[in-house]
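The values are calculated or read from the model by the stated rules, or taken from the named source; none is laboratory data. Owing to the predicted nature of the structure, the values given are computational and were not obtained by experimental measurement. Neighbour counts are summed over all protein chains in view; Cβ atoms, including those assigned to glycine, are modelled from backbone coordinates with ideal geometry. For accessibility, only protein heavy atoms count, side chains too; no ligands or nucleic acids. Shrake-Rupley method; radii C 1.70, N 1.55, O 1.52, S 1.80 Å.
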Amino acid sequence: MIAAPAAAEVTDFLGVPGPIAFDGKSYQLAWTSQPSQNYTKQEYVPAGQRVESYEQMLLVELVTGGVTVGNAVGAQVDMLKKRKASDPLVNFDVLQNKATKEVLLDFILSGKDSKGEAIVEWNAYRYAPYKGASGKSGVLLFAISQRAYGDENATAFLRSLKQLRPGQRAALAKADLPKPTR
């Protein structure tokens, strides 16, 4: 749960400029990063929200160069297991779709802001095999992330997850995957 720095200019590295419609909301491209030639990350938020303090966010990530869905999911699960030592709220569930070779990872994280108030984050990451027109292969991640800030809001958010999660997971699993063109 590290906030991404604000960027003055956002570069669409993937050819997925948005807006992206998801579960009745429109998400605009707000932040991008290309830490390596084989890894690109783009974040989208609804109008009026910022990546530094979002309530809802969509993520589109592409990793190429010999990475498989199993590798990507395994790395995230390993990170969650390690984080559990310092974040007792960490919890996750892995759902596999054998027909599409996709995996959905549902997980919760928490932290504290500079005032010691709670920040709670729920994520559903959909990992799909990727094969680009240029022949590049790898993993495409399409994800939803939701956050609550402050102790009272975090408590209410956690209580609402039992109702929120099934619908959001189903919407993510059925959603058309973004189609990177770059």
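For this structure, a couple of remarks:
- Rolling a 1.4 Å probe across the protein heavy atoms gives region 1-123 an accessible surface of 54 Å² per residue.
- Carbon-plus-sulfur accessible fraction, region 98-182 (probe radius 1.4 Å, protein heavy atoms only): 52%.
- Of all aspartates and glutamates in the structure, the ones whose alpha carbon falls short of 17 Å from that of Lys81, not counting any fewer than 8 places away in one chain, are Asp93, Asp106, Glu121.
- Protection proxy ranking of 106-113, 158-165, by the mean of other Cβ atoms within 10 Å over each peptide's residues and highest first, is 106-113, 158-165.
- Between 0 and 90 degrees, the angle of helix 151-174 with respect to the longest Cα principal axis of the chain falls at about 30 degrees.
- Taking the average, over residues, of other Cβ atoms within 10 Å as the packing measure, peptides 133-144, 170-181 rank 133-144, 170-181 from highest down.
- Distance from region 62-86 to region 109-131 (C-alpha centre basis), Å: 14
- Spin-label model distance (nm) - Asp12 vs Asp113, 7 Å beyond Cα toward Cβ: 3.2
- Around Ile144: net Lys/Arg minus Asp/Glu count, Cβ-Cβ under 9 Å: +1
- Among the listed pairs Lys82/Lys131; Lys98/Lys136; Lys41/Lys174, a Cα-Cα separation exceeding 27 Å is found for Lys82/Lys131.
- For region 1-90, carbon and sulfur atoms together expose 53% of the accessible surface, with a 1.4 angstrom probe and every protein chain in place.
- Using alpha-carbon coordinates, inclination of helix 69-83 to the longest axis of the chain, degrees: 20
- Nitroxide proxy distance, nm - points 7 Å out along Cα→Cβ at Lys179 and Asn71: 2.6
- Scaled radius of gyration (Cα, divided by 2.2 N^0.38 Å) that region 1-101 gives: 1.21
- Over the chain, the ratio between the Cα radius of gyration and 2.2 N^0.38 Å evaluates to 1.01.
- Peptide packing: for 24-34, 51-61, 76-86, the average count of neighbouring Cβ atoms within 10 Å per residue gives the ranking 51-61, 24-34, 76-86, highest mean first.
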